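Below is one structure, written out as structure tokens; comments come after it.
The values are calculated or read from the model by the stated rules, or taken from the named source; none is laboratory data. Values in this document were obtained by computation on a predicted structure and should not be read as measured data. Quick reminder, even Gly has a Cβ in these numbers, built from the backbone with ideal geometry, and neighbours come from all protein chains shown.
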Amino acid sequence: MKEFKVFLREDEIPKQWYNIQADLPTPLQPPLHPGTRQPIGPQDLAPVFPMNLIEQEVNTKDRWIDIPQEVMEKLLIWRPTPLRRAYALEKVLGTPARIYYKDEGVSPPGSHKPNTAVAQAYYNKVFGIKRIATETGAGQWGSALSFACCLFGLECKVYMVRISYDQKPYRRLMMNTWGANCVPSPSKDTQAGRKILEAHPDSPGSLGIAISEAVEDAVTSKDTRYSLGSVLNHVLMHQTIIGLEAKKQLEKFGEKKVDIVTGCAGGGSNFSGLAFPFVLDKINGAKITIIPAEPTSCPTMTRAPFVYDFGDNVGMAPMVPMHSLGHSFIPAPIHAGGLRYHGMAPLVSQLINDGLLEPRAYNQLECYANAVLWARTEGFIPAPETSHAISVVVEEAKKAKEEGKQKVILLIWSGHGIMDLGGYESYFSGKLIDYPLPEEEMRKSLKDIEGWPKPKIMKMGKVVG
């Protein structure tokens with residue numbers, strides 16, 4: 001009989017986060033002021049974020065950042081998360097590959113998002129902030145920050161992308177249960193929201209619009225700061241607890257090397273959390289294929305150019321160098337709401353430029369088919385976002401079978417789909433269709449950033465374009 005191992009030990013929880021900025025082959029280019037379009041410094045970010053988080057954001061020297069004891073105490077509610085082996089999926093696929101998944105669905109909100117939400121709530125609290133404004137796509141970030149603010153006694157206002165607000169009411173109710181105020185975005189609560197509604201009364205919303213509303217709220221409200229669940233350097237750093245734990249757990253499985261690491265990527269947080277510790281190995285010579293996965297309807301990594309663009313829709317946030325479809329891009333209403341962001345984290349974008357990451361895009365129907373395959377083998381119902389990483393796993397496991405190679409595949413199971421059953425109902429009833437982004441739509445959204453400052457195309461520290 002096979003030995004099934006699930007490790008839940010406190011000594012597996014890292015005491016420090018990994019800051020990949022200290023090891024980048026190509027340093028990030030600076031963010032630009034949204035008005036002057038000149039490089040900005042930490043003080044320019046002070047109205048939006050507390051200074052203790054800004055210091056982490058711009059830290060390029062320290063490889064390891066200590067996790068505060070108060071944060072660690074909260075993380076122990078659900079960490080370490082299990083590392084599981086997908087024996088049943090391996091058997092059905094007939095693959096010699098060994099498939100492991102880091103199960104981040106066991107957190108109270110059901111995803112990886114609390115890893116940074118708890119840290120950000122703590123740093124805001126000790127800085128004297130009393131209220132946090134944020135946005136959410138599918139609702140997992142909004143749920144996580146609502147949970148974290150509840151733990152630290154902070155008020156929380158969440159602007160939820162309207163299409164997800166309508167499609168996923170139970171995530172909104174989770175936020176309400178933890179004491180947060182959640183409204184659909186675009187809303188009438190902000191100038192940015194009212195402007196969008198005047199032009200497009202039936203707007204399904206986007207993460208870019210919701211970010212604009214949350215940033216406006218933060219800079220115009222007393223004792224309030226903004227909190228982002230992905231994209232930013234400090235957010236991705238907080239998530240590295242995932243990959244660092246996975247490394248320790250793989251050792252207990254007797255695995256000495258990993259061949260493939262994958263995760264879905266909308267803004268980049270869960271993927272980076274698992275992948276960055278392995279990217280460090282790859283920088284130092286390890287032969288690892290690292291694959292971020294995205295939808296064909298929002299192909300930021302696989303088709304979008306590397307540009308300076310706003311992180312929000314109306315241009316309140318700084319301009320950052322990233323792969324972007326244009327800040328005015330409104331993605332198709334796919335059920336993987338967390339993967340509908342127009343841009344990609346600057347850190348992930350630069351690592352793609354350096355050739356250290358190999359992104360792939362998948363259609364919605366293929367992802368749901370693989371999610372159902374997962375549920376009918378491993379039992380757990382994946383979030384629609386997670387199904388993109390599962391699609392990589394299925395593809396690579398089949399390839400290993402064809403090649404007859406015993407590869408080790410590691411993915412981040414970034415969240416469960418218990419709150420996403422409406423998407424499964426649409427899939428089973430044949431209502432879902434694929435939404436590959438037409439070239440003309442992408443060109444239209446990119447037109448808004450023509451003539452803007454352009455980042456240098458850098459690869460491994462050298463200018464190549």
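Which one is surrounded by the most Cβ atoms within 10 Å (Cβ to Cβ) among residues in region 292-323 that are outside any loop (DSSP other than H, G, I, E, B) and more than 15 Å from the chain's Cα centre (by Cα)?
Asp309
Here are some residues: Glu425, Glu439. Which one is within 29 Å of Ile99 (Cα to Cα) and over 24 Å from the mean Cα position of the chain (by Cα)?
Glu425
Could you please find all residues in region 86-118 being part of a loop (DSSP other than H, G, I, E, B), within 18 Å of Trp178 (Cβ to Cβ) and small (Gly, Ala, Ser)?
Ser107, Gly110
Let's see how each residue does on (1) in contact with a Leu (Cβ under 8 Å, 6 or more places away or on another chain); (2) closer than 24 Å to Pro82 by Cα:
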{"site": "Lys102", "(1), (2)": "yes, yes"}
{"site": "Pro109", "(1), (2)": "no, yes"}
{"site": "Lys113", "(1), (2)": "yes, yes"}
{"site": "Tyr123", "(1), (2)": "yes, no"}
{"site": "Ile129", "(1), (2)": "yes, no"}
{"site": "Glu135", "(1), (2)": "yes, no"}
{"site": "Leu151", "(1), (2)": "no, yes"}
{"site": "Lys168", "(1), (2)": "no, no"}
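Quick one: count up the residues across region 240-277 that are over 24 Å from Ile65 (Cα atoms) and of a type in the set (Phe, Trp, Tyr).
The qualifying residues number 1.
Please work out if Pro25 is outside the structural domain of Arg131 (by TED's automatic domain parsing), within 21 Å of the chain's Cα centre (by Cα) and assigned to a loop (DSSP other than H, G, I, E, B).
It is false that Pro25 is outside the structural domain of Arg131 (by TED's automatic domain parsing), within 21 Å of the chain's Cα centre (by Cα) and assigned to a loop (DSSP other than H, G, I, E, B).
Could you check region 275-291 and list, in sequence order, the residues that are closer than 23 Å to His342 by Cβ and in a helix (DSSP H, G or I)?
Hits for region 275-291 are Ala275, Phe276.
Go through region 28-41 and give me each residue that's part of a loop (DSSP other than H, G, I, E, B) and in contact with a strand residue (DSSP E or B) (Cβ under 9 Å, 6 or more places away or on another chain).
Within region 28-41, Leu28, Gln29, Pro30, Pro31, His33, Pro34, Arg37, Gln38, Ile40 qualify.
Out of everything in region 149-175 that is farther than 23 Å from Arg340 by Cβ and not acidic (Asp, Glu), what residue ends up being surrounded by the fewest Cβ atoms within 10 Å (Cβ to Cβ)? Quick ask: steps written out before the conclusion?
We begin by selecting, within region 149-175, every residue farther than 23 Å from Arg340 by Cβ; these are 149-155.
Still in the running and not acidic (Asp, Glu): 149-154.
Details: Cys149: 28, Cys150: 17, Leu151: 19, Phe152: 19, Gly153: 10, Leu154: 25.
Out of the qualifying residues, it is Gly153.
Looking at Ser187, Ser227, Ser203, which is the one that is among the small types (Gly, Ala, Ser) and surrounded by 24 or more Cβ atoms within 10 Å (Cβ to Cβ)? Talk me through it step by step, then tell me what you get.
Numbers: Ser187 fails: surrounded by 24 or more Cβ atoms within 10 Å (Cβ to Cβ); Ser203 fails: surrounded by 24 or more Cβ atoms within 10 Å (Cβ to Cβ).
None of the others qualify; the one that does is Ser227.
Picking from Glu245, Glu255, which residue would you name as being acidic (Asp, Glu), modelled with pLDDT of 95 or more, assigned to a helix (DSSP H, G or I) and in the same structural domain as Arg84 (by TED's automatic domain parsing)?
Selected residue: Glu245, the only one of Glu245, Glu255 that is acidic (Asp, Glu), modelled with pLDDT of 95 or more, assigned to a helix (DSSP H, G or I) and in the same structural domain as Arg84 (by TED's automatic domain parsing).
Could you check Asp44 against (1) farther than 24 Å from Asn370 by Cβ; (2) at pLDDT 95 or above; (3) in a helix (DSSP H, G or I) and say which number it fails?
Answer for Asp44: the failing condition is (2).
Determine, yes or no, whether Lys398 is surrounded by fewer than 15 Cβ atoms within 10 Å (Cβ to Cβ) and among the charged types (D, E, K, R).
It is true that Lys398 is surrounded by fewer than 15 Cβ atoms within 10 Å (Cβ to Cβ) and among the charged types (D, E, K, R).
Evaluate region 187-208: report whether one residue or more is of a type in the set (Lys, Arg), under 29 Å from Gln167 (Cα atoms) and free of Cβ contacts under 8 Å to residues at least 40 places away in the same chain.
At the first step, the residues of region 187-208 found to be of a type in the set (Lys, Arg) are 188, 194-195.
Right, trim to under 29 Å from Gln167 (Cα atoms) and you get 188, 194-195.
Imposing the further condition that a residue be free of Cβ contacts under 8 Å to residues at least 40 places away in the same chain reduces the set to 188, 194.
Yes, because at least one residue in region 187-208 is of a type in the set (Lys, Arg), under 29 Å from Gln167 (Cα atoms) and free of Cβ contacts under 8 Å to residues at least 40 places away in the same chain.
Sort through Ile412, Ile418, Ile457 and tell me the only one that's at pLDDT below 95, aliphatic (A, V, I, L, M) and over 23 Å from Pro305 (Cβ atoms).
On the way: Ile412 fails: at pLDDT below 95; Ile457 fails: over 23 Å from Pro305 (Cβ atoms).
When all the criteria are applied, what remains is Ile418.
Just to verify a result, which residue in region 413-444, among those that are surrounded by 12 or more Cβ atoms within 10 Å (Cβ to Cβ) and among the aliphatic types (A, V, I, L, M), is nearest to Trp141 (Cα to Cα)?
Met419
Would you pick out the residues in region 139-159 that are at pLDDT below 95 and not in a helix (DSSP H, G or I)?
Gly139
Can you tell me which residue among Ile381, Ile449, Ile457 is in contact with a helix residue (DSSP H, G or I) (Cβ under 6 Å, 6 or more places away or on another chain) and either surrounded by fewer than 15 Cβ atoms within 10 Å (Cβ to Cβ) or of a type in the set (A, V, I, L, M) (or both)?
Only one candidate qualifies: Ile381.
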